[in-house]
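This report concerns only the one structure given below.
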Amino acid sequence: MTDLIWKRRFKLERTLREYLWSEGFEETRTPLLVKSPGMEPHLRPIQLKSHAHPVFLPTSPEFAMKKLLAKGMSRIFQICPAFRDEPHSPDHHPEFSMLELYETNGSLPSLQNRIEALFQHLARSLNGTLTLHFRGEKVDFSGPWQRSRVCDLFHEFVDIDLRTHQEKGALASVCERAGLHAETHDSWDDLYFKIWLNLIEPKLPKHRPIFVTHYPLSQSSLCNPIQDETGFTWANRFELYVGNLELGNAFDELRDPRKQRENFEHDQKIRREIYGDRYPESPIDEELLIAIEKMPPTSGIALGLDRMAMLLLGAATIEETLPLRSYWG
């Protein structure tokens, strides 16, 4: 069965390309040796030795693809390897495949509709049905898919309003009541993730896809802010979950170079404070800061292609979707 899964994966990639081509997207290719691999505080990139200067394998093609958008491209996608120095697990692999997609002058709701249609096309093409089996559960891909804001999920599952719980102590109390130990050095975001990972994420729908929207502003250095009906400001992004598995991360892309530099510097400060020398310093990509100011309004999403293959082909682990195993890790 495993042999058949990785063979069918090649058909998945071919079907994916053909669909995006038919929707007017151009396929791109960007370098795998980069000066700046990404700035996320908790992602450890893979650094290579070079006689000239530090060089990295990219954690995603995002920075390079935005430079293409600044050159005038408008609908682009890429299927490519990405690299993160993380341990193997059923859902993680240090070398993995990513589908990255950008569309100028499009909104996040329209991107959600596009991703919903993409998955439905793939499910029909590969399996002849919109009802798939994944890890012992039936998953129904018919639409419309659920859309839920982070604050509404917190209210539903832990009965708090994040807009009024902006102090560490408020979230620490929630953790303690739930038996989740709160350390004195935990930041607000640390406590948020303890609650999310233990009390909310496991309760997300197992039988239907869900777009989770409106994240805390502190967790999205690459996207624009958005205000809700109360005037509270969130990060204008969404994540796609299917069967409790996080598959994709989408942004209303930030185009302010001053704010982007400020966010990058903040993220690097957090990385140094938490990880010190264990994580390499990621240089700020100055070319990216020049490029984003030239970009038109853009929405973009990164999807884990190996996880998509797990879901659409009925694999229990990422390893089952790979013809050969990476030697890293």
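Among the residues of the stretch 2-28, those that are in a loop (DSSP other than H, G, I, E, B) and surrounded by 11 or more Cβ atoms within 10 Å (Cβ to Cβ) comprise GLU23, PHE25, THR28.
When GLU286 is tested against (1) at pLDDT 95 or above; (2) in the same structural domain as LEU43 (by TED's automatic domain parsing); (3) more than 23 Å from ARG75 (Cα to Cα); (4) charged (D, E, K, R), just one condition goes unmet, and that condition is (2).
The residues of the stretch 128-144 that are within 15 Å of ILE210 (Cα to Cα) and in contact (Cβ under 8 Å) with a residue 60 or more places away in the chain, listed by number, are LYS138, VAL139, ASP140, PHE141. A single entry from PHE211, PHE193 fulfils the requirement of being aromatic (Phe, Trp, Tyr) and touching a residue at least 40 places away in the same chain (Cβ under 8 Å): PHE211. Screening GLN78 against (1) closer than 20 Å to GLU253 by Cα; (2) over 16 Å from the mean Cα position of the chain (by Cα) leaves a single unmet condition, (2). PRO81 meets the conditions (1) modelled with pLDDT of 90 or more; (2) assigned to a loop (DSSP other than H, G, I, E, B); (3) in contact with a strand residue (DSSP E or B) (Cβ under 7 Å, 6 or more places away or on another chain) in every case but one. The failed one is (2).
When you scan the stretch 134-144, do you find a residue that is among the hydrophobic types (A, V, I, L, M, F, W, C), in a strand (DSSP E or B) and either in contact with a His (Cβ under 9 Å, 6 or more places away or on another chain) or farther than 23 Å from PHE77 by Cβ (or both), even just one? Working first, answer last.
Pass one, the stretch 134-144, residues among the hydrophobic types (A, V, I, L, M, F, W, C): 134, 139, 141.
Among the residues that remain, those that are also in a strand (DSSP E or B) are: 134, 139.
From the residues that got through so far, the ones that are either in contact with a His (Cβ under 9 Å, 6 or more places away or on another chain) or farther than 23 Å from PHE77 by Cβ (or both) too are 134, 139.
Yes - at least one qualifying residue is present in the stretch 134-144.
The values are calculated or read from the model by the stated rules, or taken from the named source; none is laboratory data. What you see is a predicted model; the values in this text were computed from it and never measured. We place every Cβ from the backbone using ideal geometry, glycine too, and count neighbours over all the protein chains shown.
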